[in-house]
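These notes are about the structure you will find just below.
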Amino acid sequence: MTGQVRTVDGRVAGRRGQATRQKLLDCLSEMLSSSPYRDVKVIDVARKAGTSPATFYQYFPDVEGAVLEIAEEMAKEGAGLTELVAGRSWVGKAGRQTAEELVEGFLDFWRHHDAILRVVDLGAAEGDKRFYKIRMKILNSVTNSLTESVKDLQAKGKVDKEVSAAAMAGSLVAMLAAVASHQKGFTTWGVKQAELKPNLALLVHLGITGKKPTR
């Protein structure tokens with residue numbers, strides 16, 4: 001966490017208070033990886049952190065409020081995924097590398113944040129605008145960068161002008177997010193992780209450039 005950290009009643013938390021707050025968030029994150037979101041109780045998080053429910057309520061209004069804090073921090077990191085696309089080349093072998101690194105970055109990010117992303121997806125699916133905005137914050141940065149990539153290729157005459165850059169980029173990002181969140185499920189179909197990445201990169205490259213990647 002960076003900057004001033006405040007308690008629920010607006011007081012600035014000291015170094016010790018910030019450490020306690022972060023420990024509560026870390027314990028909650030750990031619990032979300034093994035327990036359904038709605039089964040996690042304040043008393044359980046506080047006990048795991050070695051403190052009391054009263055201390056928890058100094059920093060968060062409820063479990064959902066703490067989950068949103070974790071999700072917001074994750075979204076800031078997720079916005080960095082745009083660096084895998086912005087200003088990168090989609091021509092020749094460089095294009096193949098761009099597609100592969102984008103896929104790998106997406107899959108790694110989802111694996112690392114699997115527990116909180118499941119909560120965000122659930123909240124967004126139920127119509128909670130707070131979770132929906134967080135989900136879109138992660139996806140929009142990549143979508144916008146891919147849209148610009150397609151437009152740039154169109155300006156150079158390398159991609160058909162009839163292709164909707166935004167529709168193509170949005171479709172590819174939605175595919176990446178869906179596959180990334182279903183990685184464990186692919187093993188039940190006999191698909192190995194080593195097979196998933198290159199095939200997904202092939203689809204991304206085809207979508208952006210209309211061509212197979214250069215070997």
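Just to check your reading of the model, which residue among 75, 155, 94, 99 is aliphatic (A, V, I, L, M) and touching a His at 6+ places or on another chain (Cβ under 7 Å)?
Checking each option against the conditions leaves just 99.
How many residues does region 1-36 contain that are among the aliphatic types (A, V, I, L, M) and at pLDDT 75 or above?
The total comes to 6.
Could you please find all residues in region 153-176 being small (Gly, Ala, Ser), closer than 30 Å to residue 192 by Cβ and surrounded by fewer than 19 Cβ atoms within 10 Å (Cβ to Cβ)?
Passing the criteria: 170, 171, 174.
Of these, 184, 211, which one is surrounded by fewer than 16 Cβ atoms within 10 Å (Cβ to Cβ) and assigned to a helix (DSSP H, G or I)?
Residue meeting the stated conditions: 184.
Looking only at residues in region 106-117 that are under 25 Å from residue 199 (Cα atoms) and in contact (Cβ under 8 Å) with a residue 12 or more places away in the chain, which one is surrounded by the most Cβ atoms within 10 Å (Cβ to Cβ)?
Only one residue fits best here, namely 106.
Just one of the numbered conditions (1) more than 18 Å from residue 99 (Cα to Cα); (2) assigned to a helix (DSSP H, G or I); (3) touching a helix residue (DSSP H, G or I) at 6+ places or on another chain (Cβ under 9 Å) is not true of residue 191; which one?
(2)
Can you name every residue in region 36-81 that is β-branched (Val, Ile, Thr) and more than 28 Å from residue 108 (Cα to Cα)?
42, 43, 51, 55
Please name all residue pairs, on different chains or six or more residues apart, with Cβ atoms under 6 Å, provided the first residue is in region 25-42 and is surrounded by 14 or more Cβ atoms within 10 Å (Cβ to Cβ) and the second residue is not in a helix (DSSP H, G or I).
27/49; 31/40
Restricting to region 123-134, what's the tally of residues that are part of a helix (DSSP H, G or I) and either acidic (Asp, Glu) or in contact (Cβ under 8 Å) with a residue 60 or more places away in the chain (or both)?
Number of matching residues: 3.
Among the listed residues 120, 103, 150, 142, identify the single one that is surrounded by 15 or more Cβ atoms within 10 Å (Cβ to Cβ), part of a helix (DSSP H, G or I) and in contact with a Ser or Thr (Cβ under 6 Å, 6 or more places away or on another chain).
Step by step, each of 120, 103, 150, 142 is checked, and only 142 is surrounded by 15 or more Cβ atoms within 10 Å (Cβ to Cβ), part of a helix (DSSP H, G or I) and in contact with a Ser or Thr (Cβ under 6 Å, 6 or more places away or on another chain).
Are any of the residues in region 121-142 over 14 Å from residue 207 (Cα atoms) and aromatic (Phe, Trp, Tyr)?
Yes, region 121-142 contains at least one residue that is over 14 Å from residue 207 (Cα atoms) and aromatic (Phe, Trp, Tyr).
The values are calculated or read from the model by the stated rules, or taken from the named source; none is laboratory data. None of these values were measured; they are calculated from a predicted model. When we count neighbours, we look across all protein chains shown, and the Cβ atoms used for this are built from the backbone with ideal geometry, even at glycine.
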